[in-house]
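Visitor: What follows is a structure written as structure tokens; I'll ask about it next.
Nothing in this text is a laboratory measurement; each read-out follows from the coordinates by a stated rule. Just so it is clear, the structure is predicted and the values come from calculations on it, not from any experiment. Because the Cβ atoms are built from the backbone with ideal geometry, glycine has one as well, and the counts that use them run over all protein chains shown.
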């Protein structure tokens, strides 16, 4: 198992997309930091800043809100909250699944599976090695992009306010677990189909939330046929992930849905490897 894992990590290290994709994300975060800085700089008064940030002044404690907005005016920003917003907006997972699909099917196209497939007792070891490698890549991906994000905001803002660290750590741990379920799903689609194109299309459709549209169509069909209302979106992995925000306290249902999705995806991937003639 360790030898297979070592070979997977070597193959991963040789892939150019290992660093290209995080670099693209860092460029996007850099542009976002620049745009945020410009937004704060152009705001000449509290009301203008509130409008640019889509903040309602009516019904709020004006003195407290004024103090808050003025503290944000062009010099101070919270990189933790900004990074959490980027994660919630599905910017990062979009590039994450691209690498997952390319890596998951690379062993088939390179002949690695055919070379080693007949030399091991259980093909499931190939899958576990791949999943462990992608777990390590997810850590690298989030760490590198977060570092790039902090550096970007340090360039444009005079002061970085690292408030709410415990909330940020809890949020990122939950997001890390849930997005690993997305990784498992992408690996399953690519492994079963053995096609980069099909795996990429379905994975991107999943991350971009197009399954929600399909769920709505099915809901309408079920309502018309059986006069029953079933919200299928409650069981979609990306819909549950987007429900989790920076200060969300109850994450039980999203974690359960993601956990079930991960288990089913791993089981289907193992079944596909065992049944297919890969040697």
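Visitor: Tell me, what is the FRET efficiency for residue 267 and residue 27 to the nearest 0.05, using R0 = 41 angstrom and their Cβ-Cβ distance as r?
Guide: Efficiency at R0 = 41 Å is approximately 0.60.
Visitor: Can you tell me the Rg and the Dmax, both Å, for the Cα atoms in segment 117-219?
Guide: Expressed in Å, the Cα Rg and Dmax of segment 117-219 come to 18.5, 59.
Visitor: May I ask you to compute the full-extension gain from residue 226 to residue 20, defined as 0.36 nm times their residue separation minus their alpha-carbon distance, rounded to one decimal in nm?
Guide: 69.2 nm
Visitor: Please work out the Cα center distance from segment 131-151 to segment 224-267, rounded to the nearest Å.
Guide: 25 Å
Visitor: Determine, for 129, 152, the number of other Cβ atoms within 10 Å of each Cβ, and report the residues in order from fewest to most.
Guide: 129, 152
Visitor: If one computes P(r) from the Cα atoms of segment 192-279, what percent of pairs lie at distances over 19 Å?
Guide: Of all Cα-Cα distances in segment 192-279, 56 percent exceed 19 Å.
Visitor: Continuing with the same structure: What would the Debye formula give as log10 I(q)/I(0) at q = 0.15, 0.18 Å⁻¹ for the alpha-carbon point model of segment 189-237, no solvent?
Guide: Values returned for q = 0.15, 0.18 Å⁻¹ are -0.50, -0.64.
Visitor: Using 0.36 nm per residue, how much length does the chain from residue 235 to residue 210 gain when fully extended, once their Cα-Cα distance is taken away?
Guide: 7.6 nm
Visitor: Between residue 165 and residue 140, what length comes free when the chain is fully extended (0.36 nm per residue of separation minus the Cα-Cα distance, one decimal in nm)?
Guide: Taking residue 165 through residue 140 to full extension adds about 7.0 nm, to one decimal.
Visitor: Using the beta-carbon distance between residue 76 and residue 275 and R0 = 45 Å, what value does 1/(1 + (r/R0)^6) give for FRET efficiency, to the nearest 0.05?
Guide: Here the calculated transfer efficiency is 0.20.
Visitor: I need 149, 234, 37 ordered by Cβ neighbour count within 10 Å, fewest first.
Guide: Fewest-to-most ranking of 149, 234, 37: 234, 37, 149.
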